[in-house]
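Trainee: Just passing along the structure, written as structure tokens.
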Amino acid sequence: MTDKPVLTLRDLSIEFPTPTGVVQAVKNLDLTIQKGRRVGFIGESGSGKTTTALAVMQMLAEPGRIAGGTIDLAGIDVLSLTEEEMRQTRLSRIAYIPQGAMNSLNPVMRIEPQMWDGIIAHEGNMDRAELKRRSDEALISVGLPVHTADLYPHELSGGMKQRVCIAMGIILNPDLIIADEPTSALDVVTQRQVMQTLKDIQKKIGSGLILIGHDMGLMAQSVDELAVLKDGELVEHGTVQQILEAPKHPYTKDLISSVPLVGGDSFLNPDRAAAAPARDSKEPLLRFENVRKNYGAVTALHPMSFTLQGDTPQIISIVGQSGSGKSTMGSIMLGFNPPSEGRVLFEGQDIQAMSQGQSLEFRKNVQAVFQDPYACFNPFYRVNHALKFPFKKFGLAESEAHTQRAMEDACAAVGLDPDLVLQRYPHQLSGGQRQRLIVARALMLSPKLLIADEPVSMVDASLRASILANIYDLKDKYGISILYITHDLATAYHVSDYVMVLFKGHVVEAGPPKEVIGAPQHPYTQLLIDSIPWPDLHRSWGDGRQDWDPAKKEAEAAKAGAVYRGDVQGFDLAKAATLG
Amino acid sequence: MTSQDNVPLTRAQIRQAKRIKRFDNPWMNPKLIWGAGLLLGIIFLGIIGRFIWDLDLVFTGSSPLKLPPLGFENLRGQSGVIDHPIGTDGGGRDLLALIIVGAPNTLFVGLLASFIGMSIGIFLGFSAGFLGGRTDDVIRVGADVMITIPPLLILVVFQSAFGDVTLTMMALLIAGFVWQSPTRLIRAQVLSMKQSGYVQMAQLSGASTGHIMFREMMPNLVPYLFGSFIASVTTSIVTAVGLEVLGLGPQRIPTLGRTIYEAINAGALIQNLWWWWGIPTLLLAVIFIGLLLINLGLDEVSNPRLRKLS
């Protein structure tokens with residue numbers, strides 16, 4: 001069977017009966033995967049990519065069912081297998097690497113017995129020495145030290161857990177590996193390492209690989225062929241080269257253009273510039289005075305001082321990996337989290353020592369967009385509650401009709417149809433629509449400062465650019481200053497006037513984005529930029545180069561001093577003497 | 001998964017779609033409906049009974065002694081009469097009248113005790129979860145300590161010291177032992193909700209603490225509150241009946257527990273007067289099954305993972 005395709009899908013249809021009729025999740029899908037090929041399934045959430053993968057495993061969630069077509073796995077007709085035969089086939093022939101590795105491992109078992117489970121279930125009992133040899137071999141092959149076997153899942157980092165899942169998947173040398181967004185919960189640096197591991201191991205055992213994802217950049221760097229799915233239909237299929245260089249379907253074009261490139265064309269049109277709202281205070285809008293935050297013995301944020309004047313609207317980006325202290329900064333600015341040392345001044349007032357009236361004024365002027373659009377709406381109310389309530393609370397509403405008009409205008413400004421969304425409950429809207437509503441909310445209140453904490457990291461890739469453009473408009477058209485907190489350097493490059501790169505609570509590089517991100521000087525910034533996958537085939541991203549060593553770079557970064565790359569008018573960052 | 005085709009459905013599919021539709025509206029839960037039906041039946045019995053039956057028959061000596069229900073004979077060979085359709089007890093009281101007055105009384109004690117207990121629980125749970133710090137410590141430790149004390153022990157001492165108590169008094173005493181678990185439950189929910197996006201959004205909107213508690217959090221707590229309420233009604237009734245069967249309940253007011261106490265006391269078991277203790281026990285069983293069904297139903301409402309397409 002060396003030359004037979006690993007997986008052949010013929011005319012596959014999958015449907016879900018629901019109260020309002022039968023929903024066709026996958027429609028007449030035809031696809032062949034050759035041995036040793038890596039195929040990417042790309043599409044938005046709900047496009048049927050995971051459903052297809054689960055159908056191959058015969059693990060469709062109730063009440064989904066395969067309505068027609070065949071699935072042929074290296075000569076086996078999967079649909080005719082009995083439950084027991086299917087159980088034998090899973091893992092030994094098809095391995096599934098799930099999205100959230102952190103939830104896929106049993107927290108009360110050590111890694112080793114969890115790896116043995118699969119072997120014993122398929123090949124019967126064997127002696128411990130043999131089991132140990134095989135599990136150690138699998139761990140080594142994914143680049144983990146052998147002693148990992150004796151650890152519990154909570155003792156491992158996210159990247160290590162994902163690698164353990166890969167090791168479990170390949171322990172029986174399957175014909176086909178299905179990886180369902182294996183890196184979506186990981187940092188960019190870890191993402192690159194894990195993808196490299198996955199590609200290496202796939203090459204070694206020569207199996208087919210299905211990589212499910214929505215990030216065109218990651219796909220371009222990781223797979224040979226791409227299958228673009230939209231609403232359950234395969235709209236385009238071809239080699240990565242074909243698809244990137246000459247996409248045929250408009251949806252594919254959208255997907256490719258939605259990935260912002262460092263140095264590429266901007267997706268924004270920065271021609272307009274609005275003046276900042278007139279301010280009656282001479283004091284700077286926001287000022288950090290030696291702000292430090294400790295969580296127990298850990299310092300999340302080292303003393304930092306800066307002044308944001310706020311007379312001209314600006315976007316200041318704060319960039320870093322998770323754990324760099326960037327979200328801590330955000331919650332300190334909003335006053336949710338008191339600093340351990342130092343003061344945060346809003347127009348000269350310490351935000352931790354405000355009277356009730358001042359506090360309301362502060363809330364009115366400092367608003368936020370959070371990461372998770374799903375959690376931001378109270379499930380009990382229609383979504384207009386979230387827009388109406390603060391509008392009235394801050395005394396902006398003149399009448400019921402005025403409120404309604406303001407809501408409709410704000411919705412229209414962010415590209416939503418007010419008649420369609422305002423009367424809905426949150427669960428009836430998509431993540432992208434909800435995040436736009438939150439932007440619309442900020443727009444209605446027209447604050448002086450908006451803190452946007454990873455506003456697009458949880459929405460579909462194809463929508464990211466347009467939501468960022470909405471946020472950018474807030475500065476451009478409405479004169480709102482924005483603090484943009486993100487891990488995504490490419491978007492920061494385009495939207496910001498000033499960038500600060502945070503590493504373990506220190507600012508390591510700061511300056512205008514063209515310099516900091518376009519030509520990074522600090523080793524940490526370089527590491528981050530190297531890790532971003534983007535759709536450029538000639539970039540050696542995950543090709544198994546051995547000279548790319550993030551640990552070394554990080555060690556270098558810890559030693560190197562901060563690099564300051566020039567200033568912009570209206571924002572003044574106090575320079576730290578040396579790194580502690 | 002947005003497109004839908006209007007393929008004609010087979011009959012099996014229509015049936016399944018109907019099932020799913022029921023599944024869509026969680027409150028149309030058969031367990032919930034049956035449970036509520038049983039309890040409403042008891043209340044209905046109490047209300048209708050007051051209009052169509054002579055309630056003076058609850059007094060001692062108002063009827064012949066130890067008559068069996070209609071269609072049965074007692075040991076003396078007397079058969080049941082239409083005037084006392086489910087028999088009379090050893091003190092000459094009509095059992096139907098006893099039940100019409102007693103069953104709602106038992107339910108009333110449970111509901112009142114639970115209502116008071118829940119109110120305390122909501123107040124303390126919100127205070128602990130919201131204020132945190134020292135207040136939280138005091139409330140949490142207090143609730144933990146109270147959970148370890150067996151309520152019956154304390155209540156037996158109380159009731160025997162008080163002598164005769166009213167129904168309300170008994171409900172108040174029991175309420176002192178049913179606020180702990182709602183307190184803990186609500187505290188845990190409030191703690192997790194406090195971190196949620198929409199509460200932060202409300203804070204950003206300048207909402208007051210009161211608004212956040214009662215307008216943002218409370219509506220989402222309703223299924224939990226209901227579930228907890230029903231669970232504590234069950235506990236309260238068990239406790240109340242336990243005391244009454246020991247003869248420690250209200251002395252002059254008929255309740256189901258008191259009727260059982262008197263039956264046992266008068267040797268109804270050896271005299272084969274099964275209707276005397278059997279009928280109140282049956283009614284208690286109906287109440288408990290009703291409460292259990294409501295609780296199971298509410299569980300499925302608030303926890304969609306338990307819902308199945310069956």
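Laboratory data are not the source of any read-out in this text; all were calculated from the coordinates shown. Since we're looking at a predicted model, the values are computed, not measured. For neighbour counting, all protein chains shown are included, and Cβ atoms are generated from backbone atoms with ideal geometry for every residue, glycine included.
Trainee: Using a simple charge model, +1 on the beta-carbon of Lys and Arg, -1 on the beta-carbon of Asp and Glu, nothing else, what dipole does chain B show about its Cα centre, in debye to the nearest 20?
Mentor: Details: 22 positive and 17 negative charges, 231 e Å.
Dipole of chain B, to the nearest 20 debye: 1100 debye.
Trainee: Hey, another quick one. 5 Å is the cut-off here: which amide hydrogens, built 1.01 Å from N in the peptide plane, fall below it relative to A:Ala95, excluding neighbours closer than 5 in sequence?
Mentor: Amide H neighbours of A:Ala95: A:Leu176, A:Ile177, A:Ile178.
Trainee: Okay, moving on. State the answer as a single residue: which of B:Met193, B:Thr234, B:Gly249 lies farthest towards the positive end of the charge dipole of region B:180-289, with beta carbon charges of +1 for Lys and Arg and -1 for Asp and Glu, about the Cα centre.
Mentor: Farthest towards the positive pole: B:Met193.
Trainee: Right, another one. In terms of modelled amide H atoms, which long-range or inter-chain residues lie less than 5 Å from the amide H of A:Leu286?
Mentor: Sorted by chain and number, the residues that satisfy this are A:Leu308, A:Glu347.
Trainee: Quick one: the Cα spread of region B:23-178 along its three principal axes, in angstroms, biggest first?
Mentor: Result for region B:23-178: principal-axis Cα extents of 71, 52, 27 Å.
Trainee: Going by Cα centres, region B:136-176 and region A:286-321 are how many Å apart?
Mentor: So the separation of the two Cα centres works out to 53 Å.
Trainee: With label points built 7 Å along Cα→Cβ from the Cα atoms of B:Asp56 and A:Gln241, find their separation and express it in nm.
Mentor: It is 10.6 nm.
Trainee: Just to confirm my numbers, what's the Cα centroid distance between region A:55-128 and region A:334-398 in Å?
Mentor: For region A:55-128 versus region A:334-398, the Cα centre distance is 48 Å.
Trainee: Here is a follow-up. Quote the FRET efficiency, to the nearest 0.05, computed for A:Ser184 versus A:Met59 with a Förster distance R0 of 30 Å and r equal to the Cβ-Cβ distance.
Mentor: The formula returns an efficiency of 0.95 here.
Trainee: Putting +1 on Lys and Arg Cβ atoms and -1 on Asp and Glu Cβ atoms, find which of A:Ala25, A:Leu91, A:Leu12 reaches farthest to the positive end of the dipole of region A:1-113.
Mentor: A:Leu91
Trainee: What relative contact order, as a whole-number percentage, does region A:7-257 give when Cα pairs under 8 Å and 6 or more residues apart are counted?
Mentor: Once divided by the residue count of region A:7-257, the mean separation gives 28 percent.
Trainee: Another question about this same structure. Looking only at B:Ala161, B:Ala103, B:Ala240, which one moves most when chain B is put into a Gaussian network model with springs between Cα atoms under 10 Å?
Mentor: Looking only at B:Ala161, B:Ala103, B:Ala240, the largest GNM fluctuation is found for B:Ala161.
Trainee: For the protein assembly as shown, what is the percent of antiparallel DSSP beta bridges, rounded to the nearest 5?
Mentor: 55 percent
Trainee: Here's another thing I want to ask about it. In what order do B:His211, A:His427 fall by count of nearby beta-carbon atoms within 10 Å, going from fewest to most?
Mentor: A:His427, B:His211
Trainee: From the C-alpha gyration tensor of region A:289-435, pull out the three semi-axes of the equivalent ellipsoid (sqrt of 5λ each), sorted largest to smallest, in whole Å.
Mentor: 32, 20, 14
Trainee: Add -39500 (n - 2.57) for each DSSP H run of 4 or more in the protein assembly as shown, then divide by its residues: what number comes out at 222 nm, to the nearest 500 deg cm²/dmol? Display every interim value, and only then the final one.
Mentor: Numbers: 32 runs with 408 residues, N = 890.
Result for the protein assembly as shown: -14500 deg cm²/dmol, rounded to the nearest 500.
Trainee: A further question follows. I want to verify a result. In a Gaussian network model of chain B, Cα cutoff 10 Å, which of these has the top mean-square fluctuation: B:Tyr224, B:Tyr261, B:Tyr198?
Mentor: Comparing B:Tyr224, B:Tyr261, B:Tyr198 in the GNM, the peak value goes to B:Tyr198.
Trainee: Whose amide H sits under 5 Å from the amide H of A:Leu301, counting only residues 5 or more places off or on another chain, with H placed in the peptide plane?
Mentor: A:Lys293
Trainee: Mean separation of Cα pairs under 8 Å and 6+ residues apart, divided by the residue count of chain A: what relative contact order is that in percent?
Mentor: With pairs under 8 Å counted, the relative contact order is 15 percent.
Trainee: Can you work out the FRET efficiency for the pair A:Glu137 and A:Asn294, with r the C-beta to C-beta distance and R0 = 51 Å, to the nearest 0.05? Could you put the intermediate results ahead of the total?
Mentor: Details: r = 43 Å, r/R0 = 0.85.
E(calc), rounded to 0.05, equals 0.70.
Trainee: For region A:7-257, what is one quarter of the convex hull surface built on the Cα atoms, given in nm²?
Mentor: Averaging across all directions leaves 14.0 nm² for the Cα convex hull.
Trainee: At 7 Å along Cα-to-Cβ for each site, give me the label-to-label distance between A:Leu151 and B:Thr209 in nm.
Mentor: Result: 4.3 nm between the two label points.
Trainee: Taking each pair of distinct Cα atoms in region A:371-527 once, what is the resulting Kirkwood hydrodynamic radius in Å?
Mentor: Working: mean 1/r = 0.0596 Å⁻¹.
Every distinct Cα pair counted, the radius reaches 16.8 Å.
Trainee: While we're on this one: Could you list A:Glu509, A:Glu245 so that the one with the fewest beta carbons within 10 Å of its beta carbon is first and the one with the most is last? Please report the intermediate quantities before stating the final value.
Mentor: Values: A:Glu509 27, A:Glu245 10.
Listed from fewest to most nearby Cβ atoms, that is A:Glu245, A:Glu509.
Trainee: Given axes a ≥ b ≥ c from the Cα gyration tensor, I'd like to know whether region A:410-466 is rounded (a/c under 1.5), prolate (a/b larger than b/c) or oblate.
Mentor: Oblate, since a/c reaches 1.5 and b/c is not below a/b.
Trainee: Turning to a different aspect of this structure: Averaged over every viewing direction, what's the projected area of the C-alpha convex hull for chain A? Give it in nm², one decimal, please. Present the calculation step by step, with values, prior to reporting the outcome.
Mentor: Details: hull surface 114.6 nm².
Reported value for the Cα convex hull: 28.6 nm².
Trainee: With +1 on each Lys and Arg Cβ and -1 on each Asp and Glu Cβ, and nothing else charged, work out how big the dipole of region A:137-239 is about its Cα centre, in Debye to the nearest 20.
Mentor: So the magnitude is around 320 debye.
Trainee: May I ask which residue of B:Thr168, A:Pro418, A:Val108 lies farthest towards the positive end of the charge dipole of the protein assembly as shown, with charges of +1 (Lys, Arg) and -1 (Asp, Glu) on Cβ and the Cα centre as origin?
Mentor: My answer, from the dipole projection, is B:Thr168.
Trainee: Name the most mobile residue of B:Gly87, B:Gly37, B:Gly110, meaning the one with the largest mean-square fluctuation, in a Gaussian network model of chain B with Cα contacts below 10 Å.
Mentor: Per the Cα network of chain B with a 10 Å cutoff, B:Gly37 tops the list.
Trainee: Where in region A:228-256 is the amide nitrogen less than 18 Å from a point lying 7 Å along the Cα-to-Cβ axis of A:Leu420?
Mentor: A:231, A:251
Trainee: May I pose another question? Using a Förster distance of 56 angstrom, determine the FRET efficiency expected from the C-beta separation of B:Gln78 and B:Val145, and round it to 0.05.
Mentor: Values: r = 55 Å, r/R0 = 0.99.
My answer for the efficiency is 0.50.
Trainee: For region A:1-126, list log₁₀ I(q)/I(0) at each q in 0.16, 0.19, 0.22 Å⁻¹, using the Debye formula over Cα point scatterers of equal strength and ignoring solvent, two decimals each.
Mentor: Each listed q corresponds, in turn, to -0.94, -1.21, -1.40.
Trainee: What percentages make up the Cα-Cα pair-distance distribution of region B:165-252 when the bins are 10 Å wide from 0?
Mentor: 15, 35, 22, 16, 9, 2
Trainee: What is the order of A:Ile140, B:Ile253, B:Ile212, fewest Cβ neighbours within 10 Å to most?
Mentor: A:Ile140, B:Ile253, B:Ile212
Trainee: Could you give the nm distance between label points at A:Thr18 and A:Lys203, where each point is 7 Å from its Cα heading toward the beta carbon?
Mentor: Taking the two extended label points, one gets 4.3 nm.
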